[in-house]
Amino acid sequence: MSVKASAAEGVQRSASSLSAKQHRELAQRLTAFLSHYGHLCDSYIIEFFTEDLWHTLPNTWQSVLQDLTYPQIADLLLDATCGERRYPSVWPLSLLAFRSTAHALAFPRECRQQRRMAASTKPAEFLENQSQSCLLGHMFRKHVKPKKQHEIRKLGTLVKQLCDQTDCSRVVDVGSGQGHLTRFLSFGLRLSVTAIEADHTLVAMASKFDGQLLWALEKEKQKKSCSSLHAVSQFSPRHVVGWVNPNASWEAFIKQLNTATCVYEGPPTPFRPSKKRPQSSEHQGCSHVVQTSCCGSTDSDTRSLDFDFTSQHKSSKNESQDESSAGECCSCVQPVCHKCAHPEENSQRGIPDFVLTGLHACGDLSVTLLRHFVNCPHVRGITSVSCCYMKITTKENPAPPGQVECPTPPTLCQELLPSEFGYPMSSWVQGLPGHQLSYKAREGACHAVEDYVRRLREESELLRTHCYRAMLETFIRDARPDLRREGIQTIRKAHLLPFTEYARLGLPRVGLPPGLPLDPRRVEAMLKQQGRVVAYFSLVLLMAPVVETLVLLDRMIYLQENGVNSQLVPLFDPNFSPRNFVLVALKSHG
């Protein structure tokens, strides 16, 4: 069953307009292209001098690229929508073909109705106030940065439309962080939401912010005597502390959501702003947070709870019933404690259907959600926004740097499935020659192309940082040949420093003395090649959307292989939110 047009109204869905056969053919062209130019995707810009990357390019490319101004690089290479290109010299056909093919193979990153921003780098909703979206209620903007405001409003609306299409009012938000999307879905759109997040600190913050919003609603109710506010607090989200194991079955995932126990966060504190401590009580002490292990096993005191709903949760269709009960719930500043609910009533009910969502779920987490969507009969729909492609597992790189590992000893992990890698997911892509994507290629796919284009057009001083780091790498290897691509972390305002000062700050971070002698003539010669560094990095960056397209296309083909159609929607403004694609799919009931 395909997603109706209303679920993504007004956006371009070129990826979804292709047939299954065309998707497979596109995957073939992508792997062939990436195989041919893999040396660009796999190169590290910090090795520009140590590996002499400039001279790995064809001589004809070097001659035309080295003299380009930064705005010309933006217009002639990176901007796929640039209408009128004026070339300062005749370009070789191989370079023109490379650029055109890269743009043609990548999925469009802008919505059809999205206007291009010139003076502003933010969507129209922030033109009146650059920090506050005029399209999002003020209660949902607190503690939320503009980028996240834009994302939760757009994705939340899409999730609600998907829920309406599937006649399903229950949502599971995976990797929920501080719960910004969760609050909008529950309090704003009146959906019953379970949020699961591995970081206990983030869950505690989410619960705190929920309470602050409830307190604001209570204050609003008293101020306006508005009865419609009574029902809103019925949709307090439920927070679960838990790590979603990519190697666990969907049954283990459901068990993880079902089996939970309350967590008490030390001395009870009120959610409303106050310096006074409330009187002690079990209800006031409950932080509305539940905790599970990586695969749903808990200690012997755990009570089985229906994963989304206590007696306070009601669907929007029934919210007009028992208004006195709704008002009673709203009058509580604290969310209802699940330990004080009635688990014996909930445990008698079957597992309800729900919609899965993940906003920038990292690495294999997005892959895991797609597999649960395919395999679990209770998951009716999914909206998946990915990030951190470099943390995806592959056969060649089964344990990439930064991958989140199971916090629980392996003996406690139950119902594990045989290891399945995050890429490729589909049998089709797995069978294509040259489908492999290196860690560096996947890391490059996370870069913000639009932001770099903006820097080029502004001729920003920030552009010199790549050159600085590549220069520093040469001096590091001169002193210590065994050190390769060592991380030095960000040096604050590096682009405003002379290179000698940058080196003085950076060398100690790799264990070298800050006063390491630097040959002034070499420094000067490398600084003169900054334009080449920028041009080369722009070629690499041109490949980023192509790699991202292959990763996301592989997931669409995986869904097709399992009998599910999907749509890939460029939902967010890419100038504002670089990882802007959302993969949307739903299953027919039964």
Single residue of the range 67-84 satisfying the filter (assigned to a loop (DSSP other than H, G, I, E, B) and over 21 Å from Ala106 (Cα atoms)) that is least open to solvent (accessible area, probe 1.4 Å): Leu68
Members of the range 503-532 that are touching a helix residue (DSSP H, G or I) at 6+ places or on another chain (Cβ under 9 Å), open to solvent by less than 90 Å² (accessible area, probe 1.4 Å), closer than 17 Å to Glu47 by Cα and part of a helix (DSSP H, G or I): Ala503, Gly506, Leu507, Val510, Val523, Met526, Leu527, Gln530, Gly531, Arg532
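Which is more than 30 Å from Thr157 (Cβ to Cβ) and of a type in the set (Lys, Arg), of Arg579, Arg555, Arg521?
On the way: Arg579 fails: more than 30 Å from Thr157 (Cβ to Cβ); Arg555 fails: more than 30 Å from Thr157 (Cβ to Cβ).
The match here is Arg521.
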Complete set of residues in the range 23-47 that are in a helix (DSSP H, G or I), under 21 Å from Arg532 (Cβ atoms), open to solvent by 20 Å² or more (accessible area, probe 1.4 Å) and not hydrophobic (A, V, I, L, M, F, W, C): His39
Lone qualifier among Glu473, Glu486 - being in contact with a Ser or Thr (Cβ under 8 Å, 6 or more places away or on another chain), touching a residue at least 12 places away in the same chain (Cβ under 8 Å) and acidic (Asp, Glu): Glu473
Hits in the range 172-205 - residues which are touching a Leu at 6+ places or on another chain (Cβ under 7 Å) and within 12 Å of Leu359 (Cβ to Cβ): Asp173, Val174, Gly175, Gly177, Gln178, Leu181, Leu185
Contacts under 8 angstrom Cβ, first residue in the range 167-178 being at positive phi, partner crowded, with 22+ Cβ neighbours inside 10 Å and β-branched (Val, Ile, Thr), 6 or more apart: Gly175/Ile196; Gly175/Val244
Selection within the range 48-66 - open to solvent by less than 20 Å² (accessible area, probe 1.4 Å) and either over 18 Å from Gly531 (Cβ atoms) or not in a helix (DSSP H, G or I) (or both): Phe48, Leu57
Members of the range 524-562 that are of a type in the set (Gly, Ala, Ser) and under 26 Å from the mean Cα position of the chain (by Cα): Ser538, Ala544
Selected residue [in a loop (DSSP other than H, G, I, E, B), in contact with a strand residue (DSSP E or B) (Cβ under 8 Å, 6 or more places away or on another chain), in contact (Cβ under 8 Å) with a residue 40 or more places away in the chain and open to solvent by less than 70 Å² (accessible area, probe 1.4 Å)] from Val551, Val569, Val564: Val564
Pairs with Cβ under 8 Å, 6+ apart, first in the range 368-383 and closer than 11 Å to Phe354 by Cβ and part of a helix (DSSP H, G or I), second open to solvent by 30 Å² or more (accessible area, probe 1.4 Å) and among the β-branched types (Val, Ile, Thr): none
Cross-chain or 6+ apart pairs with Cβ under 7 Å, the range 501-528 first and free of Cβ contacts under 8 Å to residues at least 12 places away in the same chain, then basic (Lys, Arg) and open to solvent by 70 Å² or more (accessible area, probe 1.4 Å): Pro514/Arg504
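The values are calculated or read from the model by the stated rules, or taken from the named source; none is laboratory data. The structure presented is a predicted model; accordingly, all values stated were derived computationally and were not measured. Don't worry about glycine lacking a Cβ; one is built from the backbone with ideal geometry, like all the others, and counts go over all protein chains shown. Quick note on the areas: whole protein, heavy atoms, side chains included, nothing else; ligands and nucleic acids left out. Shrake-Rupley method; radii C 1.70, N 1.55, O 1.52, S 1.80 Å.
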